[in-house]
Amino acid sequence: MTDFPDFPDFPEGERRPQSLEELRRHGPNLCEAAIRVHAEKVTDELAAERDKWSRGFTRRRLVQGAGFVGVAALGTQLVTSRVSFAAPEDNKNTLIVIFLRGGMDGLSVVAPGDDANYKQMRPNIAVPMAAMKPAGRGFGLNPAMTALYPLWDAGKMAAVHAVASPDASRSHFQAQDALERGAASVAVRTGWLDRVLAQMGPGTTFRAIAQGSALPRSLVGGEQAIVLNGMRDFRIDNDNMRSQTMEALKTLYTGLDHPLASTAGSTLQAINTAQKLATTQYRPAEGVTYPGGGLADRLRDIAQLLKAGVGLRIAALDVGGWDMHTNLGGVGGGDMKNSLTNLCEAIGAFCTDIGPLLDNTTVITMSEFGRRVQENGNAGVDHGHGNAMLLFGGGLNGGKVHGNWPGLAASALDQGDVAGANDYRDILAEMLKKRFSVGDSAAIFPNHDFKTLDVFKG
């Protein structure tokens, strides 16, 4: 069997592998074996060339022979996703988007406790104002959010109410799709975060990550993002065979006078960083305890990446379980209390854990729509429209509920729902401009007339 892809002839006295079985003897898999075999060839060729051309020799001509092997291996075997290789951009801020799947009930989270209509339309599930932390303008923060109260007091947390998309669909799929594309028109195919990455320019391998099992709609497009389900996804077997492969890659590219050399160098550095992160037991800051659960684990991973200084700029996470048609509950218990407690304790632990890095971090929560004002017959609420968005981090006009508030009078409602008085794109565009120096809002959110809500300073 001699159908293995052809390599240039080996130096005299040596021969290349003649079969796949013979090639396998050189490494743990075919791709790595090919790298090692070719690296040996390149090493021998260089030694011969040094003897021949003791002056002025470069390796530029070798890129055609060696480059495709190493790059193919890097792209398929050692790196699990397409990545960007370049120096990080000047803006060092990080954006973390937490998508609350299912339609969070903003009227339970940032509740208009002083509104008589609220109490009347939710006789069993309204949150009493006396049980909440006063947030101004007649609003209060649900007592399940106790872990976030210090952030609110410190101006590191804010909220915007009556936030909505122009897409008024009450279908989870359609509403999520419109929100994550950042446009009501289906002609816009990429996700809004993908377009943000394009505006930011190139960064490190870890520039954008999606925590979960699949790439979220918001990151779909031509830019680069890594999908991981925990830091273990970055684990690389640390055996002698794999070390040999890494050394072979270094041999292929070290000193090469070609753009591929810097690409390979960045990749090798990223692999080494990933290996260290994956094999190091992370210890949060003193006094910080993350609650159990997927969100907390993922935020802890993000904290580790931020502290490691790997160039993380965007992270996207999903949290399900917010479609509470039944048993939403009240202050004493129920699905809302349970889900909100877990969410807020995880965010609170993360913000405390990263310490001063929070000044350069923005965390936002988004959900596809809010819930109807009137509770249903199952102590829950059905799909609605306007909702609340939570924001954390530096640069906020914090400790406030921002945005136009239409109220809950019957004449102010949108078919029984909180009216969408504030477009989510305005909030995101303001954040991108003031926190990330992304000024071309129209490139991110096309066909939209922007308004400033002064959620952020500057």
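The values are calculated or read from the model by the stated rules, or taken from the named source; none is laboratory data. Note that the coordinates shown come from a computational prediction; the quantities given were computed from them, not determined experimentally. Glycine also receives a Cβ, built like all others from the backbone with ideal geometry; neighbour counts cover every protein chain displayed. For the accessible areas, the whole protein counts, side chains as well, though only heavy atoms, and no ligand, DNA or RNA atoms are used. Shrake-Rupley method; radii C 1.70, N 1.55, O 1.52, S 1.80 Å.
Within the range 314-344, can you find the residues that are open to solvent by 20 Å² or more (accessible area, probe 1.4 Å) and in a loop (DSSP other than H, G, I, E, B)?
G320, G321, D323, H325, T326, N327, V331, G332, listed by residue number.
Residues in the range 396-411: is at least one more than 22 Å from A183 (Cβ to Cβ) and part of a helix (DSSP H, G or I)?
Yes, the conditions are met somewhere in the range 396-411.
Which of the following residues is in contact (Cβ under 8 Å) with a residue 40 or more places away in the chain, at positive phi and surrounded by fewer than 20 Cβ atoms within 10 Å (Cβ to Cβ): A379, A410?
A379
Which members of the range 413-433 meet the condition of being open to solvent by 40 Å² or more (accessible area, probe 1.4 Å) and not small (G, A, S)?
D414, Q415, K433
Quick one: which of A126, A130 is of a type in the set (G, A, S), free of Cβ contacts under 8 Å to residues at least 60 places away in the same chain, on the phi < 0 side of the Ramachandran plot and open to solvent by 10 Å² or more (accessible area, probe 1.4 Å)?
A130
Return the residues of the range 339-358 that are in contact (Cβ under 8 Å) with a residue 24 or more places away in the chain and out of contact with any helix residue (DSSP H, G or I) (no Cβ under 8 Å at 6 or more places or on another chain); say none if nothing qualifies.
T352, G355
Somewhere in the range 414-427, is a residue polar (S, T, N, Q), in contact (Cβ under 8 Å) with a residue 24 or more places away in the chain, assigned to a loop (DSSP other than H, G, I, E, B) and touching a strand residue (DSSP E or B) at 6+ places or on another chain (Cβ under 6 Å)?
Within the range 414-427, none of the residues are polar (S, T, N, Q), in contact (Cβ under 8 Å) with a residue 24 or more places away in the chain, assigned to a loop (DSSP other than H, G, I, E, B) and touching a strand residue (DSSP E or B) at 6+ places or on another chain (Cβ under 6 Å).
Could you figure out which of (1) modelled with pLDDT under 95; (2) within 18 Å of the chain's Cα centre (by Cα) isn't true of L432?
Of the numbered conditions (1) modelled with pLDDT under 95; (2) within 18 Å of the chain's Cα centre (by Cα), the odd one out for L432 is (1).
Test each condition in (1) of a type in the set (A, V, I, L, M, F, W, C); (2) surrounded by fewer than 22 Cβ atoms within 10 Å (Cβ to Cβ); (3) within 18 Å of F139 (Cβ to Cβ); (4) out of contact with any strand residue (DSSP E or B) (no Cβ under 6 Å at 6 or more places or on another chain) for V401 and report the one that comes out false.
That leaves (4) as the condition not met.
Okay, residues lined up against (1) at negative phi; (2) at pLDDT 90 or above; (3) touching a Phe, Trp or Tyr at 6+ places or on another chain (Cβ under 8 Å):
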| position | (1), (2), (3) |
| --- | --- |
| A187 | yes, no, no |
| G191 | yes, yes, no |
| R195 | yes, yes, no |
| Q224 | yes, no, no |
| L228 | yes, no, yes |
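Filter the range 382-398 for residues that are over 21 Å from Y149 (Cα atoms) and surrounded by fewer than 22 Cβ atoms within 10 Å (Cβ to Cβ) and give the result.
First, pick out the residues of the range 382-398 that are over 21 Å from Y149 (Cα atoms): 382-386.
D382, H383 - these are the residues of the range 382-398 that are over 21 Å from Y149 (Cα atoms) and surrounded by fewer than 22 Cβ atoms within 10 Å (Cβ to Cβ).
If you scan the range 83-131, which residues turn out to be among the hydroxyl-bearing types (S, T, Y) and at pLDDT 95 or above?
Scanning the range 83-131 gives T94, S108, Y118.
Show me the helices (runs of 4 or more DSSP H) entirely contained within the range 124-219 in which 1 or more residues are closer than 21 Å to G439 by Cα.
Values: elements: 149-153, 172-181, 192-200.
Counting at least 1 such residues, we get 172-181, 192-200.
Identify the residue in the range 291-313 that is outside any loop (DSSP other than H, G, I, E, B) and among the basic types (K, R) and, among all such residues, is least open to solvent (accessible area, probe 1.4 Å).
Taking the range 291-313 as the starting set, the residues that turn out to be outside any loop (DSSP other than H, G, I, E, B) are 294-308.
Restricting the remaining residues to those that are among the basic types (K, R) gives 298, 300, 307.
On the way: R298: 55, R300: 75, K307: 87 Å².
Ranking the candidates gives R298 first.
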